[in-house]
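The values are calculated or read from the model by the stated rules, or taken from the named source; none is laboratory data. In this text, all values refer to a predicted model and were calculated from it rather than measured experimentally. Quick reminder, even Gly has a Cβ in these numbers, built from the backbone with ideal geometry, and neighbours come from all protein chains shown. These accessible areas exclude ligands, DNA and RNA; they are computed on the full protein's heavy atoms, side chains included. Shrake-Rupley method; radii C 1.70, N 1.55, O 1.52, S 1.80 Å.
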Amino acid sequence: MKSPLLSLPGAVPGEGPDEGVAAHYGDLFREQRALADGTGFVDLSHRGVVTVTGAERLAWLHLLLTQHVSELPAGEATEALILSANGHIEHALYLVDDGETTWIHVEPGTQEALIAYLESMKFFYRVEVADRTDDFAVVHLPAGSIAPAPDGVTVRETPHGRDLFLPRAGLEEFAAGHGPAAGSLAYEALRVEAHRPRLGLETDHRTIPHELGWIGGAVHLQKGCYRGQETVARVHNLGKPPRRLVFLHLDGSEVKLPAHGAPVRLAADGPEGRQLGFVTTSARHHELGPIALALVKRNVPLDAALIADGTAAAQEVVVEP
């Protein structure tokens with residue numbers, strides 16, 4: 001789905017998972033600084049929007065998700081995962097309930113698979129699941145923003161900012177009154193700085209929640225059973241995850257950023273050494289310079305100098321080994 005805000009001055013289209021919205025509007029660092037200062041907005045209208053209605057919606061979702069949502073208060077934001085039977089991450093959901101409807105936004109293009117799974121699990125519960133992506137666009141207001149949300153718009157407020165479920169027909173009008181617009185690259189740079197994982201970038205087919213620091217934030221350890229819960233409990237109580245998320249400060253003298261999937265190795269072993277992990281997301285930050293998130297083997301020494309696709313990298317711990 002192509003955003004109408006790509007017609008704004010200076011808009012450069014995004015690529016990969018952020019195709020359909022602007023990567024930037026001509027000045028990446030200015031856009032980052034604006035978001036860090038609590039001004040402007042980010043067009044996330046390419047994300048999928050799903051709603052669940054019905055009196056039993058929260059009790060039903062509680063059975064399926066990793067998060068405790070059976071008594072989720074109206075207006076309180078949360079996030080949750082759906083796992084495979086083996087505990088691998090399949091979906092990441094960003095939720096808020098308005099008292100009548102649970103609003104969820106998900107990674108672009110994943111809503112159809114999510115809805116298919118939810119529909120298969122309805123059984124006798126009185127719930128209705130709907131794809132509202134054509135009707136509603138997600139817009140992000142950064143933390144500290146004092147811009148008012150339009151009347152009647154569902155808002156998901158977190159420490160990182162507010163996600164608005166805006167009627168898609170009102171997207172251009174909203175942009176005209178809430179600028180400056182910031183692109184997905186600025187949003188991603190601040191996400192990397194905050195060590196926040198993203199499905200499809202920080203995850204692969206075998207990622208478990210412990211590896212990314214999603215225990216607590218998206219996984220409630222005291223709730224009842226759900227698919228994949230046995231793996232979550234076993235790793236939490238008896239073991240350690242095989243990999244861990246790290247934050248990388250990259251050598252600023254390199255022109256090119258390591259791509260998603262680029263190998264991470266020990267600097268002492270050189271560029272032909274054994275691969276110990278891979279870069280998940282890299283970005284250029286307005287203050288920190290080039291930075292990245294990477295997923296590495298748990299036993300990589302915490303003080304080890306690394307190289308990411310040949311670029312020198314110093315690591316910071318995100319998930320304890």
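Points worth noting:
- Here Ala143 does not fit the description of being surrounded by fewer than 22 Cβ atoms within 10 Å (Cβ to Cβ), of a type outside the set (Ser, Thr, Tyr), over 17 Å from the mean Cα position of the chain (by Cα) and modelled with pLDDT of 95 or more.
- Only residues that are open to solvent by 30 Å² or more (accessible area, probe 1.4 Å) and among the hydrophobic types (A, V, I, L, M, F, W, C) were counted in the stretch 53-107, giving 5.
- Glu211 out of contact with any helix residue (DSSP H, G or I) (no Cβ under 6 Å at 6 or more places or on another chain), open to solvent by less than 60 Å² (accessible area, probe 1.4 Å), part of a helix (DSSP H, G or I) and within 24 Å of Thr78 (Cα to Cα): yes
- Scanning the stretch 303-313 for residues that are in a loop (DSSP other than H, G, I, E, B) and buried (at least 21 other Cβ atoms within 10 Å of the Cβ) gives a single hit, Asp309.
- Within the stretch 18-31, tally of residues that are in a loop (DSSP other than H, G, I, E, B), out of contact with any Lys or Arg (no Cβ under 8 Å at 6 or more places or on another chain) and open to solvent by less than 30 Å² (accessible area, probe 1.4 Å): 2
- Within the stretch 106-129, residues that are closer than 17 Å to Ala59 by Cα sit with their Cβ atoms under 6 Å from residues that are assigned to a helix (DSSP H, G or I) and of a type in the set (A, V, I, L, M, F, W, C), at 6+ positions apart or across chains, in these pairs: Met121/Leu64; Tyr125/Trp60; Val127/Trp60; Val129/Ile115; Val129/Leu118.
- Taken together, Glu316, Glu287 contain a single residue that is modelled with pLDDT of 95 or more, assigned to a strand (DSSP E or B) and loosely packed, with under 14 Cβ neighbours inside 10 Å, which is Glu316.
- Inter-residue pairs, beta-carbon under 8 Å, first in contact (Cβ under 8 Å) with a residue 60 or more places away in the chain and in the stretch 194-208, second buried (at least 17 other Cβ atoms within 10 Å of the Cβ) and acidic (Asp, Glu), 6+ apart: Arg198/Glu107; Leu199/Glu107; Gly200/Glu107
- Checking Glu15 against (1) open to solvent by 30 Å² or more (accessible area, probe 1.4 Å); (2) closer than 14 Å to Gly179 by Cα; (3) out of contact with any helix residue (DSSP H, G or I) (no Cβ under 9 Å at 6 or more places or on another chain); (4) not hydrophobic (A, V, I, L, M, F, W, C), the condition it does not meet: (2)
- Against the list (1) under 20 Å from Ala194 (Cβ atoms); (2) open to solvent by 60 Å² or more (accessible area, probe 1.4 Å); (3) β-branched (Val, Ile, Thr), the condition Val246 fails is (2).
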